[in-house]
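Structure first, then comments.
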Amino acid sequence: MNKLLKVKCPQCDTTFTYYESEFRPFCSKRCQQIDLGHWFQETYTVPTRDVVMEEEQSIDQDSDERNESEYES
Ligand SMILES: [Zn+2]
């Protein structure tokens with residue numbers, strides 16, 4: 001009975017037999033890789049996005065101010 005344990009893949013919600021999957025708790029290697037990729041992407045992009053946005057804003061402000069003062073003088 002235990003060998004027929006059915007679970008839902010956390011990635012794609014497919015019901016599969018737990019002990020038949022090499023990649024449990026995922027149904028397939030693909031779902032396992034998607035989940036890993038998602039996890040890595042999140043840890044990468046969240047801090048990087050903030051830094052990039054701050055840099056872009058400050059660069060824009062600096063160049064605007066420089067352009068204006070050059071124009072006036
Ligand atoms: Zn899946």
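The values are calculated or read from the model by the stated rules, or taken from the named source; none is laboratory data. Remember, predicted model here, so these are calculated numbers, not experimental data. FYI the Cβ positions are ideal-geometry reconstructions off the backbone, even for glycines, and counts take in every protein chain you see. With ligands, DNA and RNA removed, areas are computed over all heavy atoms of the protein, side chains included. Shrake-Rupley method; radii C 1.70, N 1.55, O 1.52, S 1.80 Å.
Quick notes on this one:
- From most to least packed by mean Cβ count within 10 Å, the peptides 10-16, 26-32 give 26-32, 10-16.
- Accessible area of Phe40 in the full protein assembly, 1.4 Å probe (Å², nearest 10): 100 Å²
- Remark: spin-label model distance Leu5-Glu22 equals 2.1 nm, labels positioned 7 Å along the Cα→Cβ axis.
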